[in-house]
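This report refers to the structure that appears directly beneath it.
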Amino acid sequence: MAPGAAIAASIPAGVAFAGGSLPLAVVFALVACLFCAVSIGLLAREMPSAGSLATYAARGLHPAIGFLVAWGYVLVGFLIPPLVLLQLGFTTAATLNAEFHGYPASLWWPWALAGAVIVLAAGFYGIRTSARLGTVLGLFEIGVFLVLAVFFVVHAGSHNTLSVFTTKYTPPGFRGIAGVIGGSVYTILAFGGFEGAAPLAEEARNPRRTIPRAVLLATLLIGALYVFTTYAVDVAYGPSKFVHFTTGTGAASWEGMARSLYGLFWFFVFLAIVNSTIANANAGVNVSSRTAYAMGRIGAFPRFLAWVHPKHHSPAVAILTGFVITVAVTLGLGLGYDPVTAFVMVATALVIVLAAIYIVMNAACIGYFSRGGRRPNPLLHVIIPVLGIATFVPAWLTAAGIKVFSFVAPLSPPFSYMGPGVAGWMVVGLIYLAYLYRRDPRRVVEVGLVHLDPLEELPA
């Protein structure tokens, strides 16, 4: 979930809409993701699988939908490393330029490539190495921002107020609940990846217990961290002027406030952001490689993606494929435009795909537990998934730039290219799906069977 990078960059992107009421917007995003986390957790307990979300959609709705979810989810996994490595590049270059004026701020790409190589090595040596790297890096970044948030709360003193959890500080253009909902849409990207444990089901101990627990606790605990840190920086900076807070490295930013108030502490914030980008890129590789491996194993994707390293037991070809795509997207967009523009472009594409997948997951929960002679729990299997669908629809519309609500702004080029780009990817997936149905429909049907249980034990 990259909490450090999200706290410093993704969440502050919502201040233009929510202003000083941004903590309430984070609460809205947390509730939306918790609805979906419950649905995914229930499905993960039934179907522990490297195919994860694709398997859930195939069994809950239809194998064709499962295939398309896998097609989209692999795209998500492939785009996460470029997103955060672009942030690694421009954050490091800007910081070095501020400290050593001789360093060119435009020389960002060597840092992005170095991050990509680190993530490739961690993934190649297996999930134990990769997971340990993610855990160590994650604990460091959480610790830094948690300590700094406590400092900010103390610094705010008598200015601490719970009014930031109301609509009082929304900016003039987005007064009231519309501004809060608009801000929450942009904070949803910070939660992206809460389901990242699901594709690791075949490499986990007791996955029916550990995977649902990991998905729910990741959402709840990191969400609580987001709420607290956003509250702390809001009251320390001043809710009435928080609309001017930025995601960069200037005075009105996490790094800038740490520098002005606590001197050298800014360096630990910088390290936490850098560390966070590596950890999140690592998580993206785990997601994309395991999904590609599961689909390659049944022939729905090219079978070479299912090759496993004989010593390290990692899906090495899938990981190497992701590395090549990461480098191509990072350098192609970053050098073709600039790293910040490329970052926003990739983020836009990610939210379009992720919001759609989360909507499908809630629908799959309803479908799975309402068939096969099961007696669904009205709260868990109907009400919560329906609420999950309702809360993610605004996020999808906003990312796509479809102006249905007042807080949705039409996207301008080059960000507007992402909607057609994602649509084109999904059209290619539809064409490939039609090809598979014509040549060997069994491969599509088996998307719903790529999990741990013996095939003969499954219902017809």
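Remarks
- Inter-part distance, the stretch 341-387 to the stretch 264-306, computed on C-alpha centroids, equals 22 Å.
- Cα extents of the stretch 298-431 along the three principal axes, largest first (Å): 52, 52, 28
- Protection-proxy order for peptides 98-106, 176-184, each taking the mean of Cβ atoms within 10 Å per residue, highest first: 176-184, 98-106
- Of the DSSP H helices in the chain, those that are both long (alpha-carbon extent of 27 Å or more along the helix axis) and hydrophobic (Kyte-Doolittle mean at least 0.0) are 22-46, 63-99, 127-156, 207-237, 265-297, 316-336, 339-369, 418-439.
- In the stretch 267-350, Rg over Rh equals 1.07, where Rg is the alpha-carbon radius of gyration and Rh the Kirkwood radius from pairwise Cα distances.
- For the stretch 98-235: span of alpha carbons on each principal axis (Å, largest first): 52, 51, 31
- Relative pair counts by distance (%), Cα atoms of the stretch 21-77, 10 Å bins: 23, 40, 26, 11, 0
- Shape analysis of the stretch 1-95 yields a ratio of the Cα radius of gyration to the Kirkwood radius, Rg/Rh, of 1.07.
- Across the stretch 169-298 the C-alpha pair distances fall into 10 Å bins from zero in the proportions 10, 30, 30, 20, 9, 1 percent.
- Equivalent-ellipsoid semi-axes of the stretch 391-440, from the Cα gyration tensor, Å, largest first: 30, 13, 6
- Translational diffusion of the stretch 223-288, estimated by Stokes-Einstein from the Kirkwood radius over alpha carbon pairs at 20 °C in a medium of 1.002 mPa s, is 162 µm² per second.
- Cα convex hull of the stretch 253-299 - mean projected area over all directions, nm²: 3.4 nm²
- Summary of the geometry: the stretch 113-179 and the stretch 1-65, compared by the centres of their Cα atoms, lie 16 Å apart.
- Taken per residue, the accessible surface of the stretch 11-167 reaches 34 Å², heavy atoms only and a 1.4 Å probe.
- Gain in span if fully extended, Thr166 to Ser260, counting 0.36 nm per residue against the direct Cα distance: 31.0 nm
- Accessible-area composition of the chain, carbon plus sulfur, in percent [1.4 Å probe]: 70 percent
The values are calculated or read from the model by the stated rules, or taken from the named source; none is laboratory data. This one's a predicted model, so the numbers in the text were calculated from it and none came from an experiment. As a convention, Cβ positions derive from the backbone with ideal geometry for all residues, glycine included, and neighbour counts pool all protein chains shown. Only protein heavy atoms, including side chains, enter the accessible area calculation; ligands, DNA and RNA are left aside. Shrake-Rupley method; radii C 1.70, N 1.55, O 1.52, S 1.80 Å.
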